[in-house]
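Peer 1: Below is the structure I would like to discuss, written out as structure tokens.
The values are calculated or read from the model by the stated rules, or taken from the named source; none is laboratory data. The structure displayed is predicted, hence computed values, not measured ones. Because the Cβ atoms are built from the backbone with ideal geometry, glycine has one as well, and the counts that use them run over all protein chains shown.
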Amino acid sequence: MGTILKTGLGLWMSLVLVGAFCYAPTAVGLRELSRIIYFHVPAAWVAVLAYGVAMVEGVYYLRRRDLRFDAKSSAAVELGTLFALLATITGALFARETWGVYWNWDPRQTTIVALFFIYLAYFSLRGTLADAHRRARLSAVYVVFAFSVVPFLVFILPRAYVTLHPSPLLNTGGRVDMNPQMLLVFLAALAGFTGIFAWMHNLRWRAEVLLGGDGDGD
Amino acid sequence: MNYSSIWTAAVILQKDVKTELRSRHGVSILILFGVTATMVISFALGIPDIDEAVAAALLWIILFFLSVAGLGYSFLREEEQMTMDGLLMAASVEGVYLGKVLFNLMLLLVAQGAVLPLFILVFNLQIGPWARFLAAMFFGSCGLSVACTLVAALVSRTGAKGPMLAVLAFPILFPLLIAASADTAAALLGAAGEGLQVLVLYPGVVGAFALMLVKFIWEE
């Protein structure tokens, strides 16, 4: 079963790569640059999804006190950091080519940086705690507490400032501004990245459980 | 969270104020920090007239560091004197948290009473509508206190000292600091701003999360 899933994911992502560069047409005005959406947007989506997973597993830990939930939570934060970095770098490259600068504190850049800071703070907190259960409990409290800023970052700040960022797929108008071929490749990339995240997350949290605690082998 | 928690909060506040009046340790650190930071910035810039947006940003940077430098004591002192267990036996943890939030807010407001006049003086600021400026200061301070108090409670349980509070509080305070400096700049310019609703909502939302989570911090 696992082998079929893994092979399937490999084939799926290969098709996404071919589709992104050969099948999907380019957007008017952006030309070849528009192909970045098949990689940048899914990376940003996974960075946010990872935070959601970390938070939900944190809540589970606080309810059940099982260290496996802590391993799932911290593994999600690790992967979230990686994908937030990828989204930030690809986004900055796109910004440089289209807006002329790598960084201009666009609301979406601000949001991904805030997320990145939450992830980094989470690791500093874990680093100071030796006892596995106390570390799990306080990390879970922090990751859930950080969720309280999400409504401000996602809903309030981006509306208070002017943005140059292309409108997101799920925009307020509820309409999709993409031709069917682009949309197909885009949705396939989203699904593929989500699958890669699920696989990496599964490997990582089980490894942490085997290593005992935080993956530092003690 | 019920009426007894609010009563507890009032008693904790009274206790902390009484302790503070004996030593004046916390409030003097906050004031000195704010005054030092203001003077250093003023000296480094060398000019009295700076852009309103820059002044507002500098003011909130000072207030951020002042909070993370000074508000950590609230729980650290209880842990060091080993009085936290006693407090938790006598009162609900939510009540203790609320009391500390009120005390920290009071510390921040007292410190601002000393720092703001100096800041306005050295940077030669013309305040537009005073009510808007003071409202931004007040609600921004509520947000600082609500968020820093919970993070201070977390940090007091780690054994880490120093910059830990700043590292952990910064991501939480990020939207508050953006909104507060934007709104303060608007108040300085006398322009219509729209940040105040964020400043009013923030302590409510973050405080609700804090009240939900604070019981897990001391639970072994």
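Peer 1: Kindly indicate whether B:VAL115 is of a type in the set (Val, Ile, Thr) and modelled with pLDDT of 90 or more.
Peer 2: Numbers: of a type in the set (Val, Ile, Thr): yes; modelled with pLDDT of 90 or more: yes.
Yes.
Peer 1: Same structure, new question: In region A:135-158, what residues are of a type outside the set (A, V, I, L, M, F, W, C), surrounded by fewer than 21 Cβ atoms within 10 Å (Cβ to Cβ) and at the interface with chain B (Cβ under 7 Å from one of its Cβ atoms)?
Peer 2: A:PRO151
Peer 1: What number of residues within region B:61-74 satisfy the criterion of being more than 11 Å from the chain's Cα centre (by Cα) and surrounded by 24 or more Cβ atoms within 10 Å (Cβ to Cβ)?
Peer 2: Number satisfying all stated conditions: 1.
Peer 1: Moving on. For region A:108-134, how many residues meet the condition of being part of a helix (DSSP H, G or I) and either touching a Gly at 6+ places or on another chain (Cβ under 8 Å) or polar (S, T, N, Q) (or both)?
Peer 2: Applying the first criterion (part of a helix (DSSP H, G or I)) to region A:108-134 yields A:108-127, A:132-134.
From the residues that got through so far, the ones that are either touching a Gly at 6+ places or on another chain (Cβ under 8 Å) or polar (S, T, N, Q) (or both) too are A:108-112, A:115, A:119, A:124, A:132.
Of the residues in that region, 9 qualify.
Peer 1: Just to verify a result, which residue in region A:188-212, among those that are closer than 11 Å to A:LEU79 by Cβ and loosely packed, with under 14 Cβ neighbours inside 10 Å, is farthest from the chain's Cα centre (by Cα)?
Peer 2: Step by step, filter region A:188-212, then rank; the result is A:LEU203.
Peer 1: Go through (1) surrounded by 13 or more Cβ atoms within 10 Å (Cβ to Cβ); (2) at pLDDT 85 or above one by one and return the number of the condition A:PHE21 breaks.
Peer 2: Against the list (1) surrounded by 13 or more Cβ atoms within 10 Å (Cβ to Cβ); (2) at pLDDT 85 or above, A:PHE21 comes up short only on (1).
Peer 1: Conditions first: (1) farther than 23 Å from B:GLY128 by Cβ; (2) outside any helix (DSSP H, G or I); (3) of a type in the set (Gly, Ala, Ser). B:ALA191 passes all but one, so which condition is the exception?
Peer 2: Condition not satisfied by B:ALA191: (1).
Peer 1: Pick out the one residue from A:THR98, A:THR110, A:THR90 that is in contact with a His (Cβ under 8 Å, 6 or more places away or on another chain) and within 28 Å of A:LEU30 (Cα to Cα). Walk me through it before giving the result.
Peer 2: On the way: A:THR98 fails: in contact with a His (Cβ under 8 Å, 6 or more places away or on another chain); A:THR110 fails: in contact with a His (Cβ under 8 Å, 6 or more places away or on another chain).
Result of the check over A:THR98, A:THR110, A:THR90: A:THR90.
Peer 1: Go through (1) in contact with a helix residue (DSSP H, G or I) (Cβ under 8 Å, 6 or more places away or on another chain); (2) more than 10 Å from chain A (Cβ to nearest Cβ); (3) more than 14 Å from B:LEU71 (Cα to Cα) one by one and return the number of the condition B:CYS148 breaks.
Peer 2: (3)
Peer 1: Consider B:VAL122 carefully, then state whether it is hydrophobic (A, V, I, L, M, F, W, C), under 13 Å from the mean Cα position of the chain (by Cα) and either closer than 27 Å to B:GLU80 by Cβ or more than 12 Å from chain A (Cβ to nearest Cβ) (or both).
Peer 2: Answer is no for this residue.
Peer 1: Output the residues belonging to region B:158-192 that are hydroxyl-bearing (Ser, Thr, Tyr) and either under 15 Å from the mean Cα position of the chain (by Cα) or more than 10 Å from chain A (Cβ to nearest Cβ) (or both).
Peer 2: Filtering region B:158-192 for residues hydroxyl-bearing (Ser, Thr, Tyr) gives B:158, B:181, B:184.
Selection gives B:SER181, B:THR184.
Peer 1: Inspect all residues belonging to region B:84-95 and state whether any of them is within 26 Å of B:ALA208 (Cβ to Cβ) and buried (at least 22 other Cβ atoms within 10 Å of the Cβ).
Peer 2: Yes: region B:84-95 contains one or more residues that are within 26 Å of B:ALA208 (Cβ to Cβ) and buried (at least 22 other Cβ atoms within 10 Å of the Cβ).
Peer 1: Do we have B:VAL155 as facing chain A (nearest Cβ under 10 Å) and assigned to a helix (DSSP H, G or I) here? Full working, then the answer.
Peer 2: Working: facing chain A (nearest Cβ under 10 Å): yes; assigned to a helix (DSSP H, G or I): yes.
Answer is yes for this residue.
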